[in-house]
Amino acid sequence: MLSACAVALRAGARRSVRRLPARSRAVAVPAAIRRARPFSSSAARTTDLSTRGMIVQTLSSVGSKREVQQYLSLFTSVSSQRFAVIKVGGAILTDYVDELCSSLAFLYTVGLYPVIVHGAGPQLNTLLEKAGIEPQFEEGIRVTDAKTLRVARDLFLQENLNLVNKLEEKGVHAQPLTTGMFRAEYLNKEKWGLVGKITGVNKQPIETAINNGYLPILTSMAETDDGQILNVNADVAAAELARALEPLKVVYLSEKGGLFDAAGQKISAINLDEEYEHLMSQSWVKYGTRLKIKEIKELLDTLPRATSVAIIHPGELQKELFTDSGAGTLIRRGNKLLSATSLSQFKDIDALKTVLIRDREGPDAMATVDKYLEFLSENNFKAYYDGPMNALAIVLPASNGRQATLATLTITKSGWLTNVADNIFTALRKEHPQLVWTVREDDENLGWFFDKADGSVTRNGSVMFWYGIENGDEIVQLMKDFTQNGRAMLGDSNLESRLYRAATNGGKPVAYQVRGYSTLARRPVLSAPVFGQTNGRTYVTQTNPNPPYGKKNAFKSKPARVALIGARGYTGQELIRLLDSHPNMDLCHVSSRELAGTKLQGYNKRDVIYENLSPEDVRDMERRGDIDCWVMALPNGVCKPFVEAVYEGRKDSNHKSVIVDLSADYRFDNTWTYGLPELVTRANIAQATQIANPGCYATAAQLGIAPLVPHLGGMPHVFGVSGYSGAGTKPSPKNDVGLLTDNIIPYSLTGHIHEREVSTQLGAEIAFVPHVAVWFRGIHHTISIPLNKTMTSRDVRQIYQDRYAGEKLVKVVGEAPLVKNISGKHGVEIGGFEVDKSGKRVVVCATIDNLLKGAATQCLQNMNLALGYAEYEGIPVM
C-alpha cells in the first residue's frame, strides 16, 4: 500500500528551527524547489548582462533567481535614500575594506544607493597612543578634549577620503559628506568634553548626492549651532540618520557577522515584540550583546514596522539583502501574538469572516465560512493571530489518539513583512508537540512547509507534512490514512477543502481561482505559479495579493500579460521582437484594424492572431483582469477612447493594469508619469499605472541637454535630423524615398510638439527644428548650448560622464556620434563637446535609434519598472 507514496523523512528531526528564532534557511529546502532557473544560452554569451541577470549570476551560489528578483523589486520600490543606512566601523575600514567596497559596488551597479556612515575608533586609539595621549572612556563614551578632537577630525577626513577613493577605483561614484550633516548640542560638556548629542540631520546633501548618482559617505562628526565640531559615536550617528530617513534596512557591519547565543550559534532572527523580554532574561545576554539589542529596540520603536536591522559581515552584504536565508542576525519589531479558544473571544465575528474569506472568493464562499464557524463552535480549537489579524492560524488539538492538525493559515503581505508567519509556527511548536497538515504538491509554498516539517509523504498531487512524531507505528498509520483518503483524512477541519468543494459543481471545477503567492519564511517573497500552470489554489496557505509599495507584478513568476493596441507600425513591430525574448512578459493580444484575422509574425512564444479590438473590448478585458499592461502604439490623438475604456473597466474591478502610451497625448498631463528613466525618479515610474512614453526626438534632446541645465547661459538650439521611419507607415512626403533622395526636408520650423515637451521636462526653454532625411532609422541632434560661465571641452565632457555614470543605455563618447553606429542599438550616444573660443558656448551631438530607445526600448524600460522587473530585462544594453 505504501509503495504508492513518495516518502521523505526529514533527516535530523531537531533542526535549526528549534534552536534559533524563527527564520527559514534556504539550505533546508530540497534542491528541486530552491534551484534557480538557468540563464538562456544567449544571455550567457552576452558580455553586458541585464541588471537582473547580473544579480542572479553574482548571487547564484547564495540564493535563487526568484529571491534576488523579488528583493530587488522591494528595495527599488521606495525612494533611493530610503533603501538602507549602513554603519561601517573603524575595524571594517582597516581589515575588510576591499570586501566592503566590492559589496557596495555591486549595490551601486544594480541601482541601489545605501547611505554610508563610518567611524574610526580603533585607528583613533592607535594614533592617540602614538601621540602619548591615553584614550579615556566614561560609561563607554570617549572623553574628547580639543587635542583628541583635532586628531579625530583629521583621521575621519582621511578615512572618508580613503573609502571614497577605493570606491572610485571600483567604478563607484561616491560623495564625501564630512561637514554640516549632523546638528548637535553638547552631550555633557563637563563629563565628556567635546562630545555631541545629535539634534538634527541635514537630509538635503544626501538626496542631492543620490539624485546625481553618488553614494553618500558620511563621517560621525557633528556641529553645534555656533560651528563647534563635536565627536559622535558612529552607532549613534547611524541611528539618528535612520530616524531621519526611515529606510527599509539599517545595517551594522561587524567582523563577527551577527549576534551569538550561549552555545556559540549565530542567532538568525529576533522578533522583538515576541522575544525581547525572554531574551533579556537570559544569562548569556550581557555586556555588548545586551546593550546592542537594547539600542536596536529603542531605534526600531521609532521607525516604521517595515524597517529591520541586520548585523552582518561586510562580505555577506549581498546574501543578507537578496536571499531568504540571510547571512547575519536580522532584528525586527514583529508583532505580539494573541490567541482564542472560542468564537466569543473574537471581538468582531464579521472581521473574522472577512479574514477567513480573503483571497478565497468563490461560489458560496461566505456560506461555507458560516458553516465552518458553526463547526468551530462545536469543536475544540485554538486560533493564533496578531492584533491587526494580518495572520491567522487555526489548530484543532490532539484528541482520541489523533495528532493536532493545522486547519487553516492565512497571511497578508503586511504579515510577511513583520515575520508573523514564523512567529505563529514558533508558538505552534511550543504548544503542540506534534502537528499534521496537508498541502497540494504544486503549492508554491512547499519550501516554507518543508522547512517547518520533520517529515512528508506525497500522494496524487498532495503532500502531508508533520513534525514531532517519532513513533514509527504512528507514522505508518498516518501514511495509511493519507494513502487511502488523501487530504480528506483531515475531515471538515480544513477550511480550504470545504471551499474547494463549494467551488465545484457535480465534481467539475468551476470558476474558483485564488491568486497564489509564495510563503517563504522570514521575508515576504510573493510569487504566482509559473506560466502555463493553473492559477487555482485551494489549500492551506493563502496570502494577500497586494505586493508592497504599490508594485503591480513585483513578485510574479508568471509572465505579465501584455496587450498591444496599434501593432502594425514600426514601433509596434520592434516591441513585439523585444517581448518575444523577454522572460517575464507574454504578448497575449495584438490589435490592428488592417491586419485583423492574420497571424502575428515574429513572436514565437505562442500563436497570436491580430484582432481589431474596440474600446468596448478593452473595457471588458480590463474589468475581467485579463491584462497586466496595455501598450498604446497609436498615432497622436487616437488612443483616448481606449484609455478611457481602461478607466471604465477599472470601475467595476479590483484589477488595475499599467498603461504605457507611446503617443504625445498624455505627455503634458500631470496625472500621468513621464517615463524617461534616466532623468525621472525611477521610483515614480515603478509606482505608476499610467506612463507617457517620451518622444524620440525629445528623448535624445533631453539627454543631450540635461547635464548642462544648471549651467545654461541662454536658450539651447537643437538641429534634429531623423530617418524616414519616424514619419510612420502612412504614405506622406516625409517618408517618400524618391523625394528624400539627395534631399533633406525641414518641417514644423517652430512650435513642434517635441520643442514643448523638452522645454517642459527640462524646465528651460529650448528651440527645436526637425528635419527628415533619406536613411530609414536613427536620429542625429546637433545642439548649441550657451553657458553661464567659461568651460573647457574637458569640463563639459566630465559633467556628462559624471551624470550618466552607471546608465546602461547612455554612452558618452569623445567624437561626435554617427547615425549609422546607433542604428539597431538600444541606447543614446552623446559626444562632440566642442567649446567655442569664448568658452561660453558648447556644441553637443546626440544620436538615437528612433524606433528603439526613442520608442520600443524605452517603452520596455517603463514596463519593466512598473511591472516590478529589473529595468533592463529583455534589453541588450550598450
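The values are calculated or read from the model by the stated rules, or taken from the named source; none is laboratory data. Just so it is clear, the model here is predicted, and its values are computed rather than measured. Don't worry about glycine lacking a Cβ; one is built from the backbone with ideal geometry, like all the others, and counts go over all protein chains shown. In case anyone asks, the SASA skips ligands and DNA or RNA and just uses the protein heavy atoms, side chains included. Shrake-Rupley method; radii C 1.70, N 1.55, O 1.52, S 1.80 Å.
Worth a mention:
- Calculated log₁₀ intensity ratio I(q)/I(0) where the Debye formula runs over C-alpha points of the stretch 720-776, q = 0.17, 0.21 Å⁻¹: -0.57, -0.77
- Surface per residue (accessible, 1.4 Å probe) for the stretch 176-326, Å²: 40 Å²
- Net charge of the neighbourhood of ASN212, taken over other residues with C-beta under 10 Å away and scored Lys/Arg +1, Asp/Glu -1, is -1.
- Taking all Cα-Cα distances within the stretch 680-747, those exceeding 14 Å account for 72%.
- For the stretch 584-741: span of alpha carbons on each principal axis (Å, largest first): 54, 44, 29
- Sequentially through the stretch 672-686, phi angles give Karplus couplings (6.51, -1.76, 1.60; θ = phi - 60°) of 9, 9, 7, x, 10, x, 6, 10, 9, 4, 4, 4, 5, 5, 4 Hz, Gly and Pro residues having no value and appearing as x.
- Pairs from the table (LYS87/LYS191; LYS203/LYS249; LYS820/LYS840; LYS203/LYS294; LYS87/LYS319; LYS170/LYS825) lying more than 19 angstrom apart at Cα are LYS87/LYS191; LYS820/LYS840; LYS203/LYS294; LYS170/LYS825.
- Label-to-label distance for ASP607 and ALA91 is 6.7 nm, based on points extended 7 Å past Cα in the beta-carbon direction.
- Extension gain, ASN380 back to THR750 (0.36 nm per residue minus Cα-Cα distance, nm): 125.2 nm
- Other residues whose C-beta falls under 14 angstrom from the C-beta of GLY227 contribute a net charge of -2, scoring Lys and Arg +1 and Asp and Glu -1.
- Positive contributions from Lys and Arg (+1) and negative ones from Asp and Glu (-1), summed over other residues with Cβ under 12 Å from the Cβ of THR699, come out at -1.
- For the stretch 460-473, Karplus couplings with θ = phi - 60° (6.51, -1.76, 1.60), whole Hz, Gly/Pro x: 6, x, 10, 10, 9, 10, 8, 9, x, 9, 10, 6, x, 5
- All-pairs Cα distance distribution in the stretch 233-303, expressed in whole percent, bin size 5 Å: 3, 14, 26, 27, 18, 10, 2, 0
- Distance (nanometres) between label positions extended 7 Å along Cα→Cβ at GLU99 and LYS286: 2.9 nm
- Average accessible surface area per residue within the stretch 756-822, 1.4 Å rolling probe, Å²: 46 Å²
- Once the Cβ-Cβ distance of GLN801 and VAL769 is raised to the sixth power relative to R0 = 25 Å, the FRET efficiency obtained is 0.30.
- Stretchable slack from HIS717 to ASP669, in nm (0.36 nm times residue separation minus alpha-carbon distance): 14.8 nm
- The stretch 300-357 and the stretch 261-289: distance between their alpha carbon centers, rounded to Å: 17 Å
- Proximal aspartates and glutamates relative to LYS734, as straight alpha-carbon distance under 18 Å, when same-chain residues fewer than 8 apart are discounted: ASP742, ASP849
- In plain terms, the C-alpha convex hull of the stretch 76-190 casts an average shadow of 8.6 nm² when viewed from every direction.
- Across the stretch 806-814, coupling constants 3J(HN,Hα) worked out from phi with the 6.51/-1.76/1.60 Karplus curve, θ = phi - 60°, read x, 7, 6, 10, 10, 10, 8, 10, x Hz, and Gly and Pro carry x.
- Carbon plus sulfur fraction of accessible area for the stretch 627-701, probe 1.4 Å, in percent: 45 percent
- The accessible surface of the stretch 566-608, taken with every protein chain in place and a 1.4 Å probe, is 43 percent carbon and sulfur.
- Listed by chain and number, the lysines placed with their C-alpha closer than 26 angstrom to that of LYS353 are LYS336, LYS371, LYS382, LYS413, LYS651, LYS656; residues fewer than eight positions away on the same chain are left out.
- Amide H to amide H distances under 5 Å link ASN850 with GLY778, ILE779, where only residues 5 or more positions off or on other chains count and H is placed in the peptide plane.
- Each label point was placed 7 Å from the Cα along the Cα-to-Cβ direction; for ASN165 and ARG650 their separation is 5.3 nm.
- Under a 5 Å amide H cut-off, with hydrogens placed 1.01 Å from N, PHE83 pairs with LEU248 among residues at least 5 apart or on other chains.
- Under the combined filter of DSSP loop state and at most 11 neighbouring Cβ atoms within 10 Å, the stretch 228-294 retains these trypsin sites (Lys or Arg not before Pro): LYS286.
- Cβ-Cβ distance of SER399 and MET366, R₀ of 35 Å, FRET efficiency by 1/(1 + (r/R0)^6): the value works out to about 0.75.
- Think of a 1.4 Å ball rolled over the protein heavy atoms: the stretch 646-723 then has 32 Å² of accessible area per residue.
- The stretch 829-871 residues near the modelled SER793 label - backbone nitrogen below 19 Å, point 7 Å along Cα→Cβ: 829-847
- Backbone N under 14 Å from the THR741 label point (7 Å along Cα→Cβ), restricted to the stretch 760-786: 774-775
- What the Cβ-Cβ distance of THR126 and THR208 gives, at R0 = 35 Å and to the nearest 0.05, is a FRET efficiency of 0.50.
- Whole-angstrom Cα spans of the stretch 692-791 along principal axes, big to small: 46, 31, 21
- Rg over Rh, two decimals, the stretch 158-315 (C-alpha only, Kirkwood Rh): 1.00
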